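A short reminder: the numbers here are calculations on the coordinates, not readings from a lab. Predicted, not measured: the structure shown is a model, and the values here were computed from it. Reconstructed Cβ throughout: ideal geometry from the backbone, glycine too, with neighbour counts over all protein chains shown.
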Amino acid sequence: MTGAPPRHGLGDPRIPWNVLLDARTTTPPESGSVRRRLQALARRERWPEPALDAVAAGEAPALLASLSARLAPEEPLDVAVHADGLVLRGDHRVLDGLSLLSVLGELIGAPAASAARGIAPADRDAPLLPAVVDRLTEVLVRPSARVAPSRRSRAAGRPSPDVFARRTVDAPLSTADLVRAGALAVRAWNAHRGGRSARISVAVGVTLTGSGARHLGDHSGFLRLRDVERLSRDEVAVALRTAPLQPSRAPGNGPLTTVVGAATRLAAPRLGSTLLVSHLGRVHAPGVEDIAFYPVSGGGSGLSLGAATVADRTVVTLRARGRDHDHDGLEQLLEAVAGQLGG
């Protein structure tokens, strides 16, 4: 299974580039109301008209698995209801995590917004060509650690749905907390399973617009931290404030775009970070009890750590490719992350 190339040009082009959000609401959603609001949203955004059966129904775990594998660039948003709330899938080329949060608010008829602060891309953009050279040198000379799998891969050509795990921590958490906990959990996990416990790199999703008025779209960027297992929590926080943004895809169809695309495809098996981390921040969403956010299963390990804080309680999630992890293994790894967080 292959997906369209991500907007961020140094990502793995072989994966479905989508984000998922599972919101548990105080009142069970009504499919008809959600469908009407979805139709109004599609008209406003000039998306294709949703079909009459556009709002699926089922149980949350099955919905997450099926929607995670969706490759429908002509349909930027999928919506499903379950007994406790809603599951949303957004094509990341059209909707980032904060945009998906805004969509949630529109579908439940109440505003949903994050206090996450953005960064100014002009101050931290990394030039494309030096970034490409740097990453390819890393792939050849000092490749990042990969997360040791918890299952034996299935036969080639038989894609497996992504797997998911979630845990609630009774405290607000920062992105630095998550990055540090994720790196230490992976180090311990790999040490017990014969994987490399050094050279742990973390890709960190950030927003380029902040918490002000914003239109729907992909306003995200990525930072990249290396050797995170060596850093203290304070050092991680400093690195998050100073690391350059990873470049977006080169514009147009010129020679540089061709070179970057070819290099990305060739290096894809070793390209990417050990772990991807993305935090939606403190979310204000009346009528929503909690939010589980699942970033793309990108990077070399295909493992992402997500979080969202509602009413001082943070839902921490892991998402991984089913070819490498099963549910029990992912739950054990998330338990290790929670242990590093102290909860």
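The residue 56 and residue 26 beta-carbon pair, evaluated with R₀ = 30 Å, returns a calculated FRET efficiency of approximately 0.90. Modelled this way, with points 7 Å down the Cα-to-C-beta line, the labels at residue 332 and residue 83 are 3.0 nm from one another.
Could you work out how much longer the chain between residue 193 and residue 312 gets when fully extended? Use 0.36 nm per residue separation minus the Cα distance between them, nm to one decimal.
39.4 nm
Each residue, residue 69 and residue 242, gets one label point 7 Å from its Cα in the Cβ direction; the gap between the two is 4.5 nm.
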